[in-house]
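Chemist: The structure that follows is given in the form of structure tokens.
The values are calculated or read from the model by the stated rules, or taken from the named source; none is laboratory data. Values in this document were obtained by computation on a predicted structure and should not be read as measured data. Every residue, glycine among them, receives a Cβ derived from its backbone with ideal geometry; neighbour counts consider all protein chains shown.
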Amino acid sequence: MTRGLGHSPARTTESDTLQRQQIWLDGFDYGAFGPRQHLENLHPNSSRDGGIRNGVVSFAQRVRDRDKPWREWTAHAGPYAAEEGERLLRQDNRADIYVSQAAFGRWRSISDLTAIGACYADLDYHTVARWRGKAPGDVASAVLGHLEDAMVPHPSYVLSTGRGLVCIWLTELLPRAVLPRWNAVQKRLGVVLDVFGADKRAQDAARVFRLAGSENSRADWDRRTVGMVWCQGSPEEPTRHVFGTLADEVLPVTHADLISLRAERAKRKAEGKDKTGPAVYLSAASYWETVLTDLQRLRAHRCPEGALPEGQRDAWLFIAGISMSWISPPEVLGREIIALASEAAGWRASATTSRMSTVIKRARQAAAGQTVTFQGREVDTRYRMKASTIVEWLGIDPVEQRAAGLRVLVDEDRKRELNTERTKASRHRRGAKDRAAQQAARMAMGQKALYLQASQGMTVADLAAHLGVSAGQVHKAMQQAKQQ
């Protein structure tokens, strides 16, 4: 391909020569982006505990085995993953090696996601007649121009994967709770880059892509080495986006727009012009992501060893499958449910597919735009369940709700407690004192006011002016001090 990608082609073409010249004109040796740099940027070290992070990174390699064409394993996120990437490139067989773009608790599945630090688009440009046979650098340049026209930020870097490109937008590490908005960004990037053969099946958070420095056994010989063809920043440390800003620039409606709409609605409500009901703070996807988190917490509380016992599996997995149908792309939903059922219940793929077929079918119907009538309105075909119904189905008692740290799958009493806790936390973030501190301060002011009134004959109005508070506050403080 190019010297910058660490491979000397047996046959040099005119486009290869131009691409090599462009690399050095940019001032970068893109060959500096090897497996260690790839892993360190996708899965950066923690700033605490000596760089050690929670979670694992998945690696995979295609093997010549009819029964099991893939071999997959994990390494701890952080420095261990980078060392594993370098080890793989030292072995004799460097063909078809892949790495996950996110980190997971124990195994690669969206339901076990712990952190994701990138958005991405997989461009199979060899499937598009206009770009088929073009040099990767030429296609990358066209992609960048197209993104500029669409007013979408440039990626952090672009990898040539042999027969396509992978565009990566690095961000800060994000929790699974951000998946609804992250999925929206992924979908939008796929729409914008559809003219370059963007793969809609490669938009999920559990995706693996080829490792920099590895080889694509299906590519032409002079393009088989995977490597960087463009970057922002430097090959060693590409630019990292702030996810909130990236999402605002990619999505049609920005977070600032939503805040503006809420502010306008609050203004209308204050003027008595807003007759609508209270705002719904959780979107459907956010709600179901929180439900899935609660289900995982409940399983960890009830079954520390991991697998659910007989009698609890069917209901738990059915609800978990519904949750996944709201936060996973339909193209990978079956795979994700199979992985979760294997981990949580030990079900085989055939049993899972049979039991979850309606959940998967309804998700695909929803993706195709089909609707059903629910409570007098047209909605998509995916299943819905109230939190109270799930609590009843799974028999979650109040003690478990507190012990497992559940946030949505709770009864009314626990819901009120959580609302109180959130209110206190919000007041604390705004700098407000807690109730005990407020009472102590009021008591001290009341005692001082009583002393000044007795010793200097000051009136309540005089005391209010002296203490810099309202007369009502002085009166209340004095009454409280008298009762002590």
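Chemist: Residues that are part of a helix (DSSP H, G or I) and among the hydrophobic types (A, V, I, L, M, F, W, C): does the stretch 296-312 have at least one?
Modeler: Yes, there is a match, as at least one residue in the stretch 296-312 is part of a helix (DSSP H, G or I) and among the hydrophobic types (A, V, I, L, M, F, W, C).
Chemist: If you go through the stretch 151-188, how many residues are assigned to a loop (DSSP other than H, G, I, E, B) and farther than 22 Å from Gly55 by Cβ?
Modeler: The qualifying residues number 9.
Chemist: Still on this structure: Filter the stretch 112-143 down to the residues that are of a type in the set (D, E, K, R) and in a helix (DSSP H, G or I), then identify the one that is farthest from Arg176 (Cα to Cα).
Modeler: Of everything passing the filter in the stretch 112-143, Asp138 is farthest from Arg176 (Cα to Cα).
Chemist: Looking only at residues that are among the small types (Gly, Ala, Ser) and touching a residue at least 12 places away in the same chain (Cβ under 8 Å) in the stretch 219-246, which one is nearest to Leu165 (Cα to Cα)?
Modeler: Gly227
Chemist: Now for a separate question. Can you give me the number of residues within the stretch 54-73 that are among the β-branched types (Val, Ile, Thr) and either touching a helix residue (DSSP H, G or I) at 6+ places or on another chain (Cβ under 9 Å) or at pLDDT 95 or above (or both)?
Modeler: Of the residues in that region, 2 qualify.
Chemist: While we're here: Go through Ala366, Ala387 for me and flag whichever is touching a strand residue (DSSP E or B) at 6+ places or on another chain (Cβ under 8 Å) and surrounded by 13 or more Cβ atoms within 10 Å (Cβ to Cβ).
Modeler: Of Ala366, Ala387, the one residue that is touching a strand residue (DSSP E or B) at 6+ places or on another chain (Cβ under 8 Å) and surrounded by 13 or more Cβ atoms within 10 Å (Cβ to Cβ) is Ala366.
Residues are listed down the side, and each one gets a yes or a no for (1) closer than 24 Å to Pro79 by Cβ; (2) β-branched (Val, Ile, Thr); (3) modelled with pLDDT under 95; (4) buried (at least 20 other Cβ atoms within 10 Å of the Cβ):
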| residue | (1), (2), (3), (4) |
| --- | --- |
| Asp92 | no, no, yes, no |
| Ala103 | yes, no, no, yes |
| Asp112 | yes, no, yes, yes |
| Arg132 | no, no, yes, no |
| Gly137 | no, no, yes, yes |
| Ala142 | no, no, no, no |
